[in-house]
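Everything on this sheet refers to the single structure shown next.
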Amino acid sequence: MKWKFDWFLFGMVAAVAVAWVFPEPGATGGWMQPELLTKAGVSLIFFLHGLLLSFAALREGTLRWPVHLAVQGSTFLLFPLLGLALLAGLGTTVSPELKLGIFFLCALPSTVSSSVALTATARGNVPVAVFNATLSNLLGVVLTPLWIGVVITATGQALPLGEVLVDLLTWLVLPLVVGQVARPWFGAWATRHKPMVNRVDRGVILLLVYTSFCDSVQRGIWTDYGWEIIAIVLGVSLALFGLVMGFTRGLSRTLKFSRADEIATMFCGSKKTLAAGVPMAQLIFGAHPGLGLILLPIMIYHPLQLILCTALAGKWARRSGK
C-alpha cells in the first residue's frame, strides 16, 4: 500500500507538541479564551456538517434494518461492554483519567466521512454506510453522555447529565439543524467548495485538540506518567479494533448479509469519531484537568483505524476486481 501524507494526522501531532511547549494561551484563563472558543468551534463544525449532509442518500439505505441494528449495536452496546470489561481488567494499573478516556472512546459514535469513503473504496453498500454513520452521530448526542454518566456514577462521582444534554443539544444539534435549514441557499456552495469546508472543519478540530491539552500540560498531568501509557493505549486500541471487526464479520455472515452490507457493517461498526469526539469531550468534561489524558485513546485509535481500514479497503477492492 502506497503511503499518502495526511496533513490532519500530522496536525494532531503538531497541536499536541505546541500545547506542550506553549500551554498558557489555550489553558483556562488564557488569552485565547478557550471557554468561548470551544463552544464557537463546536457550533461551526456541526453547522458545516449540516450544510453538507444530504438526506437523499440516506433514504436509499433506510430499509435494511438488520444491518442498522448490527452497526448501532456494535457502536453503542458491544463497544461500551468491552470498555466496561477493560475498566475492570485494568484495575489500578492506569490513572482514572486514562480509564475514563478508554471508556469515552468506547462510548463514542462512528465516523461519517471516512466510514462512507472506505465503504465506497471497498465496493460496499454506500447508502447503508451513509445512513448508519449519520444515525450513529445523532444517537451519540444522547447515548454517549448516558454511558459516561453510568461509569462516572459507578465511581461515586456525579455527572450533571441534564446540563450536559442541554449543552450538547445547544452547541451540536441546533447548529446541525440550522445547517440543514440553510442547505437550500448554501448547500450547493458548500458542496462545490467541499475540500475548503473540510479544511476549515479539520482546522477547528486541531484548535480544539490544542486547547484540550493545554490545561493538562500546564497542571503537570503528563509529567506524572511515563510514555508507557502510549504503549498501553495502543495495545488496548488494537485489541478493541480486532475484537469488533471479528464480531461484526461473524455477525454479518450469521445473518447472511450480502458482501456489500458486510463491508458497510464492519467499517461503520468498528470506527470511532475524533471529529465529534473532541467537541463532545469539551462539553461533557468541561475544564477537567485530565482532559488531555481522556482524549488520548481516541487520538490514538483514530489514526490506527484509518491505517488498518484503508489497507483492508484496498485489499477488498482488489478482490472485487476494482
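Read the figures in this text as sums done on the coordinates, not as results from a lab. Quick caveat, the model's predicted, so the values are computed rather than measured. All Cβ positions, glycine included, derive from the backbone under ideal geometry; neighbour counts span all protein chains shown.
Can you show me the helix-derived [θ] at 222 nm for the chain, built from DSSP H runs with n ≥ 4 at -39,500 (n - 2.57) apiece and divided by the number of residues, rounded to the nearest 500.
-24500 deg cm²/dmol
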Roughly how many whole Å is it from the C-alpha centroid of the range 258-320 to that of the range 66-103? 14 Å
For the range 69-86, just list the computed ³J(HN,Hα) in residue order, Karplus coefficients 6.51, -1.76 and 1.60, θ = phi - 60°, integers in Hz, with x standing in for Gly and Pro. 5, 5, 5, 5, x, 5, 5, 10, 10, 4, 4, x, 5, 5, x, 4, 4, 5
Expected output is a single nm value to one decimal: the length gained when fully extending between Leu90 and Phe186, i.e. 0.36 nm times separation in residues minus the C-alpha distance. What is it? 29.7 nm
Does the range 185-322 come out rounded, prolate or oblate by the C-alpha gyration tensor, with a ≥ b ≥ c the root eigenvalues, rounded set by a/c under 1.5 and, if not, prolate when a/b is larger than b/c and oblate if not? oblate
With a 10 Å cut-off between alpha carbons and a GNM built on the chain, which of Leu36, Leu207, Leu51 moves the most? Leu36
If you plug each phi of the range 36-42 into the Karplus form 6.51 cos²θ - 1.76 cosθ + 1.60 with θ = phi - 60°, what whole-Hz ³J(HN,Hα) values come out, in order, with x for Gly and Pro? 8, 4, 4, 5, 5, x, 4
Kindly write out, for the range 189-198 in residue order, the coupling ³J(HN,Hα) from the Karplus curve 6.51 cos²θ - 1.76 cosθ + 1.60 (θ = phi - 60°), rounded to whole Hz, with x marking Gly and Pro. 4, 5, 5, 4, 10, 4, x, 5, 4, 5
Leu63 paired with Asn198, simple spin-label distance in nm, labels 7 Å along Cα-to-beta-carbon: 3.1 nm
Springs between alpha-carbon pairs under 10 angstrom, Gaussian network model over the chain: which of Leu108, Leu139, Leu100 fluctuates most? Leu139
